[in-house]
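The values are calculated or read from the model by the stated rules, or taken from the named source; none is laboratory data. A quick note: this is a predicted structure, and the numbers were derived from the prediction, not measured. We place every Cβ from the backbone using ideal geometry, glycine too, and count neighbours over all the protein chains shown.
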Amino acid sequence: MVSKFAENGDFDSSGFIYFLYYWRKPLIIITLLAIAASILFSSPLFINPKYKSTVILFPVATNSISKALISQQSGIKEDVLGFGEEEQAEQMLQILNSNKIRDRVVQKFNLMEHYRINQESRYKNTRLYRKYVSNVSFRRTEYMAVKISVLDEDPQMAADIANTIAELLDSTKTNMQKERAVRAFKIVEKEYIHLQNEITGIVDSLRVIGKLGVNDYESQSEVINQQLAIALRNNDMSAVRALEQRLEVLAEYGGAFLSLKNTLEFKSEQLSLLKAKYQEAKVDAEEELPQKFIVNSAYKAEQKSYPIRWIIVVVSTLSALLLAILVIIIIENFAKIKKKSLTIKLWSYDNLAIFDRKKPHKERKEKKATVQEEKVPEPVIEKKPEEEVPPVPKHEALKEIIKEENKKTSESSQEQSYNNSEMKTYYDNSSLFGIIFKWWIHIAVITVVALLLGVLFSSPIFITPKYKSYAIVYPANISPYSDESETEQMLQLLHSKDIKDSVIKQFDLAAHYRVDSNFKYFYSTIYYEFGQNVKINKTPYESVDITVLDKDPLMANNIVNAIIDYYNKKVRQIHNDKYLEVIRMYDAIIIKKQAHIDSLKHRLYILGTEYGLIDYDAQALEVTKGYLRTVMGATSTSINQREVMRLKTNIEEHGGELIELVESIKNEAQNFSMLKVDYENTVRFYTDELTYANVITPPYPADKKAYPIRWLIVVFTMIATIFLTIIIILIIERYRHQFRIKK
């Protein structure tokens, strides 16, 4: 059958078609066997079907709760609602692939038994991890999100594993961070307590020095020196001796007082800063925030995802068919070559004659005569037993050989003429036009029939017309989660399952698309129909095109508006969930800080009411004047010496505490004010009803159908029919021509 291919090496389609027809029975049998075998071996008897569930989530931008919430340092505070960038997505992928999550999933779902792995096997863990890796995969999407995919024979198990992995991400990452945060908190706590003890020691030292009469070195030295000058001018020697004693005390303890006072101010400032770090470290060690934003949660799949049987059947069948054709061609060519090698006589006279055809006619004739005279043996004539056959002359044998050679030459010429005729038939355009002209009535009738059928089958009788409604929108009031643009973030949210389910429920699309809710693959079917009719794509101008096709133009318009509305609600819900967590944390921090400030104020109130301490600097100055009786225009009897001594004693004992309280209240009030501003901003964003889409082109009910495009269907139907008709006519003409030649 391979001989039907052209002798000159050019491919002859008719020969190949004849080849397939000749071997049709074996090829059909092989094809049917391949179909049956692929159907059998792709069935649940040999391949267990698996169901797929996925979770899509975004990483968070910040890892430190304190820096995102309570840090007061400029440029350090991070956005707690910010989505992570490429670095955070890669970190999340690394954590998801860690054995901490894998081991907890294996233990929770008893995957060793679920995957039917022999627990007595030597390589049980290796097999378990290989099975886990083949069924559980993680990858980063084009929108910088992370996709968790789980395959399992049990659809509910697949959904549970996917959701559990997403949940374990929080605890795993939080535990990893808490281990370091707790150690950092202990270090800060130790330094904070140590600094508090130092300040307490300084305050005690100032209290002792105050009892010795040194309460405010600058004020006391100034007043004593003034009064000493007055006493010397008035020649009051007793006053001079008393003032000199006071100066000696100041000289002895003044330096220590100044050093302790400056140190106390510096240490108090340090304590305020360290307290802020202490609070931040405490928040990081004790509080928790989610480490992800979940876009799509996993749900129980209704239809298996593996294996895809039709692909297996098609690929197996085509592979078997092509392999069978290739093997048959090889076998036929091998048989043909073997047959020729056995029948050809290399040094026969025929071969020599064929080789000599290339030479001029006269030279070939002379050589033929020479060969005949020299090398042609005499013919062997069998003798009859009864009579003797007369010998045949040599010239008679020569005539027979020449006659045979001329006959072969004539047959070769006829074959060459036939090949030339065939070549003309296939490569002469005029013959093609002649065939078309010959069959033009048939072609015209078939074309008209195709036209009518195209018009009929593209009518509303067979294809329900659909109307298109679309909107062009830009994202607003959102910030990129990672390296993706705001438009890509918007696309990811618009494709979320929440929005699909909300639209399907609002418009009862199951009934609208005529999908039975009791159908086995109800959700898969309704999502497929939704995907066929709703298209959401990014335009070249970084906007988003929301297109809806529906048989009802008003329904299409309403679905577009609903998608935009649910997108706003989806983004608002995601933001409000995080804002609510921040508000709760701010509430706790504000309550603690307010209680601390109230305790400081209460202690300051006690110092003022019970000890009469209000302003350390002013009261110390006045006590010094009253103690030294240097009040201008006053006499010794007009000064309340008893009250002066009581106030002097209170300043000596509680003056340091007064200074510390005043500074602490000042710092805490400033921090509380900044914290209150952040809290109010968070509450404002939580309560405000923001929209997150700028509608550039609003949707409208279409007044003309967009599907199907009937003229395209009719034109392509006519072109395809004409082309197929011409091919069939050429095949018919080919077989007619061959039949005439054989006849």
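Annotations
- No other residue among Ile606, Ile563, Ile574, Ile589 is under 20 Å from Ala276 (Cα atoms) and assigned by TED's automatic domain parsing to the domain that holds Leu661 apart from Ile589.
- Residue within segment 464-486 that is modelled with pLDDT under 90, in a helix (DSSP H, G or I) and within 27 Å of Met144 (Cα to Cα) present: yes
- Among the conditions (1) touching a Ser or Thr at 6+ places or on another chain (Cβ under 6 Å); (2) assigned to a helix (DSSP H, G or I); (3) more than 15 Å from Ala298 (Cα to Cα), Met112 misses just one, which is (1).
Matching residues to (1) assigned by TED's automatic domain parsing to the domain that holds Ser599; (2) not hydrophobic (A, V, I, L, M, F, W, C):
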| position | (1), (2) |
| --- | --- |
| Ser664 | yes, yes |
| Leu675 | yes, no |
| Glu680 | yes, yes |
| Tyr686 | yes, yes |
| Asn694 | yes, yes |
| Trp711 | no, no |
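- For segment 660-691, a residue qualifies if it is part of a loop (DSSP other than H, G, I, E, B) and either among the hydroxyl-bearing types (Ser, Thr, Tyr) or touching a residue at least 40 places away in the same chain (Cβ under 8 Å) (or both), and the qualifying residues are Glu689, Leu690, Thr691.
- Scanning segment 30-65 for residues that are in a helix (DSSP H, G or I) and either hydrophobic (A, V, I, L, M, F, W, C) or buried (at least 19 other Cβ atoms within 10 Å of the Cβ) (or both) yields Ile30, Leu32, Leu33, Ala34, Ile35, Ala36, Ala37, Ser38, Ile39, Leu40, Phe41, Ile65.
- Exactly one residue out of Lys593, Lys625, Lys578 is farther than 30 Å from Gln492 by Cα, at pLDDT 75 or above and charged (D, E, K, R): that is Lys593.
- Of all residues in segment 128-145 being of a type in the set (D, E, K, R) and in a strand (DSSP E or B), the one that is surrounded by the most Cβ atoms within 10 Å (Cβ to Cβ): Arg140
- Residues being surrounded by fewer than 18 Cβ atoms within 10 Å (Cβ to Cβ) and in a loop (DSSP other than H, G, I, E, B) are entirely absent from segment 557-577.
- Gln506 fulfils the conditions (1) part of a loop (DSSP other than H, G, I, E, B); (2) surrounded by fewer than 14 Cβ atoms within 10 Å (Cβ to Cβ); (3) not β-branched (Val, Ile, Thr) except for a single criterion, (1).
- Residue satisfying all of: in segment 226-263; at pLDDT 75 or above and of a type in the set (Lys, Arg); nearest to Arg207 (Cα to Cα) among these: Lys261
- Candidates Val534, Val544: the one that is touching a Ser or Thr at 6+ places or on another chain (Cβ under 7 Å), surrounded by 13 or more Cβ atoms within 10 Å (Cβ to Cβ) and within 19 Å of Tyr567 (Cα to Cα) is Val544.
- Taken over segment 530-551, the criterion of being of a type outside the set (Gly, Ala, Ser) and out of contact with any Lys or Arg (no Cβ under 9 Å at 6 or more places or on another chain) is satisfied by Gln532, Lys535, Ile536, Asn537, Lys538, Thr539, Pro540, Tyr541, Glu542.
- Contact map, segment 20-49: first residue touching a residue at least 40 places away in the same chain (Cβ under 8 Å), second residue of a type in the set (A, V, I, L, M) and loosely packed, with under 15 Cβ neighbours inside 10 Å, Cβ cut-off under 7 Å, separation 6 or more or different chains; pairs are Leu27/Leu20.
- When Ala335, Ala369, Ala324, Ala353 are screened for being over 30 Å from Thr174 (Cα atoms), touching a helix residue (DSSP H, G or I) at 6+ places or on another chain (Cβ under 7 Å), among the aliphatic types (A, V, I, L, M) and at pLDDT below 75, only Ala353 passes.
- Condition met for Ile165 (closer than 24 Å to Glu484 by Cβ and surrounded by 15 or more Cβ atoms within 10 Å (Cβ to Cβ)): yes
- From the list Leu258, Leu271, Leu243, the lone residue that is in a helix (DSSP H, G or I), closer than 29 Å to Ser664 by Cβ and touching a Leu at 6+ places or on another chain (Cβ under 7 Å) is Leu271.
- Ser479 surrounded by fewer than 18 Cβ atoms within 10 Å (Cβ to Cβ) and touching a Gly at 6+ places or on another chain (Cβ under 9 Å): yes
- Criterion: crowded, with 18+ Cβ neighbours inside 10 Å, under 23 Å from Glu663 (Cα atoms), of a type in the set (Val, Ile, Thr) and not assigned by TED's automatic domain parsing to the domain that holds Arg646 - qualifying residue of Val214, Val208: Val214
- Residues of segment 168-176 include at least one that is of a type outside the set (Ser, Thr, Tyr), in a helix (DSSP H, G or I) and modelled with pLDDT under 80.
- Between Lys178, Lys275, Lys186, Lys282, the distinction of being without any contact (Cβ under 8 Å) to a residue 60 or more places away in the chain, within 60 Å of the chain's Cα centre (by Cα) and outside the structural domain of Asn671 (by TED's automatic domain parsing) belongs to Lys186 only.
- Answer residue from segment 692-743, given it is of a type in the set (S, T, N, Q) and in a helix (DSSP H, G or I) and is farthest from Glu542 (Cα to Cα) among those: Gln738
- Among the residues of segment 146-163, the one identified as under 19 Å from the mean Cα position of the chain (by Cα), of a type in the set (S, T, N, Q) and part of a helix (DSSP H, G or I) is Asn163.
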